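Before any comments, here is the structure.
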Amino acid sequence: MTIKVGDKLPEATFRIWKDGKGADMTVSELTKGKKVALFAVPGAFTPTCSVKHLPGFKQKAAEFRAKGVDTIACVSVNDVWVMDAWGRDQQVGEDIAMLADGNGAFTKAVGMDKELGIMGMRSLRYSMIVEDGVVKQLNLEEPGKFEVSSADYMLGQL
């Protein structure tokens with residue numbers, strides 16, 4: 001079942017790169033008492049994700065913060081080393097939390113998983129505004145599209 005507006009995010013554990021090594025971050029730690037702009041991509045270093053999706057959030061990070069967003073988070077079904085390398089390559093610094101959902105537990109729990117043949121199980125492209133763990137806005141892209149999960153679209157929802 002796909003998550004919907006008004007639902008509380010399911011508990012799951014991401015891996016993040018912190019202090020030179022992998023560390024755990026739970027959904028609760030990410031969202032408790034915070035407004036989070038979360039977006040998910042099918043894969044790190046893939047064309048649309050690297051040329052449009054992640055860079056858009058990096059470029060608009062100050063605008064998100066000005067609209068009350070505490071954390072911008074990028075989720076992908078990749079391991080923590082790939083997410084760290086991608087974040088460094090894209091120079092996201094502290095602007096975006098790069099969340100590795102290595103086994104896809106979070107992605108499956110929110111119903112956004114898709115089997116992509118030789119790429120294996122990946123996430124659909126989507127974005128959501130989450131306040132204190134509750135989904136306030138949810139934007140699921142049509143296959144092959146990049147519109148409603150963009151930074152600009154989300155800024156219009158805040």
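Read-outs: derived from the displayed coordinates by stated rules, not from any lab. What you see is a predicted model; the values in this text were computed from it and never measured. Here Cβ is always computed from backbone atoms with ideal geometry, including for glycine, and neighbour counts include all displayed protein chains.
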Checklist entry - Based on DSSP H runs of at least 4 residues, each adding -39500 (n - 2.57), what is the mean residue ellipticity at 222 nm of the chain after dividing by all its residues, to the nearest 500 deg cm²/dmol? => result -6000 deg cm²/dmol
Item to check | Segment Glu94-Asp132, extension gain: residue separation times 0.36 nm, minus the distance between their alpha carbons | outcome: 11.6 nm
Checklist outcome for this item: Quick shape check on the stretch 3-63: root eigenvalues a ≥ b ≥ c of the Cα gyration tensor, a/c under 1.5 is rounded, otherwise prolate if a/b tops b/c, else oblate, and it reads oblate
Checklist entry - Which whole-number percent is the relative contact order of the stretch 64-112 (Cα, under 8 Å, 6+ apart)? => result 43
Item to check | Given [x] 16.5; [y] 15.2; [z] 16.9, the label whose value is Kirkwood radius over Cα pairs in Å derived from this model | outcome: [y]
Next on the checklist: If you restrict to DSSP beta bridges whose two residues both lie in the chain, what percentage is antiparallel, to the nearest 5?
Outcome noted: 70
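I'd like the GluC sites (Glu not before Pro) in the stretch 1-108 restricted to DSSP loop residues with at most 14 other Cβ atoms within 10 Å, sorted by number.
Values: sites: Glu11, Glu29, Glu63, Glu94; in loops: Glu11, Glu94.
Listed in order of number, the matching sites are Glu11, Glu94.
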Checklist entry - Within the set Lys18/Lys136; Lys18/Lys58; Lys4/Lys35; Lys4/Lys34; Lys52/Lys114, which residue pairs have Cα atoms separated by over 24 Å? => result Lys18/Lys136
Next on the checklist: Can you tell me, using C-alpha contacts under 8 Å and at least 6 residues apart, the relative contact order of the chain as a whole percent?
Outcome noted: 31
Checklist outcome for this item: With a Förster distance of 30 angstrom and the Cβ-Cβ distance between Glu115 and Asp152, calculated FRET efficiency to the nearest 0.05 equals 0.50
Item to check | Segment Phe45-Val5, extension gain: residue separation times 0.36 nm, minus the distance between their alpha carbons | outcome: 11.5 nm
Checklist outcome for this item: Exposed trypsin sites (Lys or Arg not before Pro) being those in a DSSP loop with at most 16 other Cβ atoms within 10 Å, the longest stretch of the chain free of them is 68-144
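Relative contact order for the stretch 97-158: what percent, with Cα pairs under 8 Å and sequence separation of 6 or more?
Values: 64 pairs, mean separation 12.6, N = 62.
Dividing the mean separation by the residue count of the stretch 97-158 yields 20 percent.
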Next on the checklist: Please give the charge dipole size of the stretch 13-157, origin at the Cα centre, charges +1 on K and R Cβ atoms and -1 on D and E Cβ atoms. Round to the nearest 20 debye.
Outcome noted: 120
